[in-house]
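So the structure is just underneath, and the comments pick up after that.
Taken together, the values in this text are just the output of simple stated rules run on the coordinates, not laboratory data. Because the structure is a prediction, the values reported are computed rather than measured. Here the Cβ positions follow ideal geometry from the backbone for every residue, glycine too, while neighbour counts run over all protein chains shown.
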Amino acid sequence: MVAPGSIAVLGGGISGLSAALHLLRRFNSPLTLIEGSHRYGGWIDSHTETILGSPVILEGGPRTLRPSSALLELLVLTNALHLARPMAARSPAMRSRFVHFHGTDGLTALPSKALGALFSPFGRTAIRGTLKDLFTRRTPAKNSDSDESIESFLTRRVQEPDLVNMVSAVVHGIYAADARVLSARVFMGPAYEYGSPVQYVFAPPSTKAKFRPPPEKYPLIDGALVPKTPFSIRGGTGSLTSALHDTISRETRFRGVLRTHVTAIQRRADGIELTLRGEDGTVTRRTFSHVVSALPMPTLQAVLPPRLQAQPVLNQTPYTNVTVVNLVFPRQRTPLHPQGFGYLIPRPASGYTDNTGAGVLGVIFDSCVAPQEADDRVVRMTAMVGGPYYPHLPEPDLSTLLATIGRQLGRREPLPAPLFARAVQAHRCIPTPTVGHLARVKSLKEALQREFQAKLEIVGAAVTGVSVGDCIAGARKAGESWKLPKNEHPKP
């Protein structure tokens, strides 16, 4: 017989770990976290390497967090985990951003202030596009299913091709995807529903979503502390997932299982039965009263009952392949790159068949983004390669990559030989929410609710958004409606 109120969480990435924490705090029920790989954390992968006798933190996945409403969720989470001063000091250089245009050598600085935009060719383009959108009648979404690509939406609104193409660079940095297929409703959110990205800024407060404090008694951090620029987690982003796992592991009601794959999910009279396959091939079956799945859509499709596998979102959500290359150089008398966050690269005019840029989507200047994670004798950069350029996992040649980055930086001299280089290949790591994605997610949720009597819920990047904050926000809401014994004494 199934234990009353037993919970299973499938997937041990940031979404699964966050869901486990909130469920343990909310309910007085045993919880099992099932992860197929050898480690928790998912794509978040902070690695410490000793270089020149000192530790250097390198990120194989997300390393910065964007300011947004979901960021408040992260602040709540870090406070609940008792992470002291989780946000690293932000260098003023992080306000400086650059773009590299195909067919050119060197970087173009993006204006960081309104006055600077007047003296920048791209800034003047942005001003023209802003004014066109501001004085064009807004076109609100007709209904909750209305959608189009972000490129189509902005082409209608700002009417500036160069500005629209710049959005492809932003999409590269967040989704490693093609802006021509990315959902405007997902990317723009309420601004798309309002019908104008610029006019939404001046919309009445009643039309804008607000942060909803969690029902648990968490000590909230004042929203005024939310940074205005991207920031990093002290000790690497992996310190967040490590703290999550350490915290939930101290709960006697928690059990974590690694190297175990879910191969089937079935509804039974006494609960939800999971078929599990261990690393040694052993197959077991366990039944839980409630389940939260943080599995990627293709993985979830393979384990659901056949009658649910035809749900469109399960087979119509593409995932990108990305290789992250960490580079550590000896510091030179002449700076290797300008002070700033890094640079992104818009889509080539001829499309992704043009691979003269070696498939580089962008480069982050880690020494500026997180200067506290290494001493000043080294310079760190990270290149993101792949996405729409490659249908498979890219395997960049180091010498070609260094030559490409040097040209993109506009250097007269080649980059020096790195002290350390590491390539992290992430297979199908970021979902691309294409046009109509949210409607398809809604359809799947409704089907799961009917099939499993509202006792199986889904979270994760393809459900709530790809940013770390979005994943945390979605995970907190998991199981809010479940009728289970409450935890009357959650740990502060």
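Here is how the numbers come out for the structure above:
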| item | result |
| --- | --- |
| Helix 14-26 axis, angle to the chain major axis (alpha carbon atoms, nearest 10°) | 40 degrees |
| Of all DSSP beta bridges in the chain, antiparallel share, percent nearest 5 | 75 percent |
| Whole-number percent relative contact order across region 121-207, with pairs defined as alpha carbons under 8 Å at least 6 apart | 38 percent |
| With eigenvalues of the C-alpha gyration tensor scaled by 5 and rooted, region 121-207, Å | 19, 18, 11 |
| For residue 9, distant residues with modelled amide H under 5 Å away | 32, 33, 34, 292 |
| Tilt relative to the chain, helix 238-249 - C-alpha long axis, 0 to 90 degrees, to 10 | 10 degrees |
| Crossing angle, helix 398-409 versus the chain [Cα axis fit, 0-90 degrees, rounded to tens] | 60 degrees |
| Relative contact order of the chain, pairs being alpha-carbon contacts under 8 Å that are 6 or more residues apart, as % | 27 percent |
| Mean projected area in nm² (Cα convex hull; one quarter of hull surface) for region 363-406 | 4.0 nm² |
| The chain - mean residue ellipticity at 222 nm from DSSP helices (-39,500 (n - 2.57) per run, n ≥ 4, rounded to 500) | -8500 deg cm²/dmol |
| Relative packing of 165-172, 448-455, 8-15, which averages over residues the other C-beta atoms within 10 Å, highest first | 8-15, 165-172, 448-455 |
| Hull shadow area, averaged, region 299-353 [alpha-carbon convex hull, nm²] | 7.8 nm² |
| Computed over the chain, the ratio Rg/Rh where both radii use C-alpha atoms and Rh is Kirkwood | 0.96 |
